[in-house]
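Here is the structure we will look at, set down as structure tokens.
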Ligand SMILES: *[C@@H]1O[C@H](CO)[C@@H](O)[C@H](O)[C@H]1NC(C)=O
Ligand SMILES: [Cu+2]
């Protein structure tokens, strides 16, 4: 099946009917409402930085790659190093592509933390299993099914203020990657002193070239294949 062919029809569907975004978070037994889209509010009391809408970011160098346009949030959520954060999606539809979860350590308070500079590192990611690129054996298909994604904060991560960035990369259109990133504010405590070495650190936007083998992908070109995520492995935090 070549889903690429039905794209013009999909384009007629109202934006809100497809795509998706992180709309809340769960840490332990606490639920943190996020932004629900389409009604930005000055000073909204969420831990999430308000994103624009469900529309994908199409270029790895687009400024919206960082937090889907979100620049600030009033609140932050406490989390222990080693604890999980679960991102919840009100809706999500694309079944081919990886999930990546990133952190950025703020130098100070959140108000002055814009996520600029080479400070983003991955703490969780999943691509494809098996060898059939146009199958549903992808991390984003798990998000379609569960409408959530859970990741552990590294156990010995240095305590402090962090931005967490959940990124879904949809690859259902050949060579037309769609990025869906959202950010929230976390105060990590109980960690150690670990900080990732330079090779795990990236700037966002621009963590890889648009031509990266994990970004410019045609999942329909050959039946069998392998997939390598862009921007390298996750930092486990145990060194
Ligand atoms: C916590 O996150 C890890 C991935 O970092 C995952 O493997 C594990 O299943 C998560 N635990 C829960 C209870 O969701
Ligand atoms: Cu979409």
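The values are calculated or read from the model by the stated rules, or taken from the named source; none is laboratory data. Note that the structure is a prediction, hence the values are computed from the model and not measured. With ideal geometry, Cβ positions are generated from the backbone for all residues, glycine too; neighbour counts draw on all protein chains shown.
Hey, among the residues in region 172-181 that are farther than 15 Å from residue 207 by Cα and in contact with a helix residue (DSSP H, G or I) (Cβ under 8 Å, 6 or more places away or on another chain), which one's surrounded by the most Cβ atoms within 10 Å (Cβ to Cβ)?
So, considering only residues that are farther than 15 Å from residue 207 by Cα and in contact with a helix residue (DSSP H, G or I) (Cβ under 8 Å, 6 or more places away or on another chain), the one surrounded by the most Cβ atoms within 10 Å (Cβ to Cβ) is 172.
For residue 79, which of the numbered conditions (1) assigned to a loop (DSSP other than H, G, I, E, B); (2) more than 17 Å from the chain's Cα centre (by Cα); (3) surrounded by 15 or more Cβ atoms within 10 Å (Cβ to Cβ) fails to hold?
Result: residue 79 fails condition (1) only.
Pull up region 152-169, narrow it to residues that are surrounded by fewer than 23 Cβ atoms within 10 Å (Cβ to Cβ) and part of a strand (DSSP E or B), then point me to the one that is nearest to ligand 2 (Cβ to nearest atom).
152
From the list 73, 87, which one is more than 16 Å from ligand 2 (Cβ to nearest atom), closer than 20 Å to residue 123 by Cβ and in a loop (DSSP other than H, G, I, E, B)?
Going through 73, 87 in turn, just one is more than 16 Å from ligand 2 (Cβ to nearest atom), closer than 20 Å to residue 123 by Cβ and in a loop (DSSP other than H, G, I, E, B): 73.
For region 205-228, indicate whether the set of residues that are touching a strand residue (DSSP E or B) at 6+ places or on another chain (Cβ under 7 Å), within 16 Å of ligand 1 (Cβ to nearest atom) and in contact (Cβ under 8 Å) with a residue 24 or more places away in the chain is non-empty.
No: zero hits.
From the set of residues in region 198-237 that are in a loop (DSSP other than H, G, I, E, B) and more than 20 Å from the chain's Cα centre (by Cα), which is farthest from residue 62 (Cα to Cα)? Can you show your working first?
Looking only at region 198-237, we keep the residues that are in a loop (DSSP other than H, G, I, E, B), and these are 201, 203-223, 225-237.
Still in the list and also more than 20 Å from the chain's Cα centre (by Cα): 218-223, 225-226.
On the way: 218: 21, 219: 23, 220: 26, 221: 27, 222: 29, 223: 31, 225: 29, 226: 27 Å.
Among those residues, the one meeting the criterion is 223.
Hey, any hits in region 85-100 for a residue that's crowded, with 22+ Cβ neighbours inside 10 Å, in contact (Cβ under 8 Å) with a residue 60 or more places away in the chain, over 20 Å from residue 141 (Cα atoms) and within 16 Å of ligand 1 (Cβ to nearest atom)?
No, the conditions are met nowhere in region 85-100.
Taking residue 187, is it in contact (Cβ under 8 Å) with a residue 60 or more places away in the chain, closer than 18 Å to residue 104 by Cβ and surrounded by fewer than 16 Cβ atoms within 10 Å (Cβ to Cβ)? Walk me through it before giving the result.
Numbers: in contact (Cβ under 8 Å) with a residue 60 or more places away in the chain: yes; closer than 18 Å to residue 104 by Cβ: yes; surrounded by fewer than 16 Cβ atoms within 10 Å (Cβ to Cβ): yes.
It is true that residue 187 is in contact (Cβ under 8 Å) with a residue 60 or more places away in the chain, closer than 18 Å to residue 104 by Cβ and surrounded by fewer than 16 Cβ atoms within 10 Å (Cβ to Cβ).
What about residue 180, is it free of Cβ contacts under 8 Å to residues at least 60 places away in the same chain and either in contact with a strand residue (DSSP E or B) (Cβ under 8 Å, 6 or more places away or on another chain) or in a loop (DSSP other than H, G, I, E, B) (or both)? So that I can check it myself, show each step before the final result.
Numbers: free of Cβ contacts under 8 Å to residues at least 60 places away in the same chain: no; either in contact with a strand residue (DSSP E or B) (Cβ under 8 Å, 6 or more places away or on another chain) or in a loop (DSSP other than H, G, I, E, B) (or both): yes.
Answer is no for this residue.
Can you tell me how many residues in region 114-131 are out of contact with any helix residue (DSSP H, G or I) (no Cβ under 7 Å at 6 or more places or on another chain), under 21 Å from residue 87 (Cα atoms) and free of Cβ contacts under 8 Å to residues at least 60 places away in the same chain?
Of the residues in region 114-131, 1 are out of contact with any helix residue (DSSP H, G or I) (no Cβ under 7 Å at 6 or more places or on another chain), under 21 Å from residue 87 (Cα atoms) and free of Cβ contacts under 8 Å to residues at least 60 places away in the same chain.
Yes/no per residue for (1) modelled with pLDDT of 95 or more; (2) surrounded by fewer than 17 Cβ atoms within 10 Å (Cβ to Cβ); (3) within 16 Å of ligand 2 (Cβ to nearest atom):
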residue: 109; (1), (2), (3): yes, yes, no
residue: 114; (1), (2), (3): yes, yes, no
residue: 118; (1), (2), (3): yes, yes, no
residue: 124; (1), (2), (3): yes, no, no
residue: 128; (1), (2), (3): yes, no, no
residue: 131; (1), (2), (3): yes, yes, no
residue: 136; (1), (2), (3): yes, yes, yes
residue: 141; (1), (2), (3): yes, no, yes
residue: 146; (1), (2), (3): yes, yes, no
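Looking at residue 28 and the list (1) modelled with pLDDT under 95; (2) surrounded by fewer than 19 Cβ atoms within 10 Å (Cβ to Cβ), which single condition is not satisfied?
Result: residue 28 passes all but (1).
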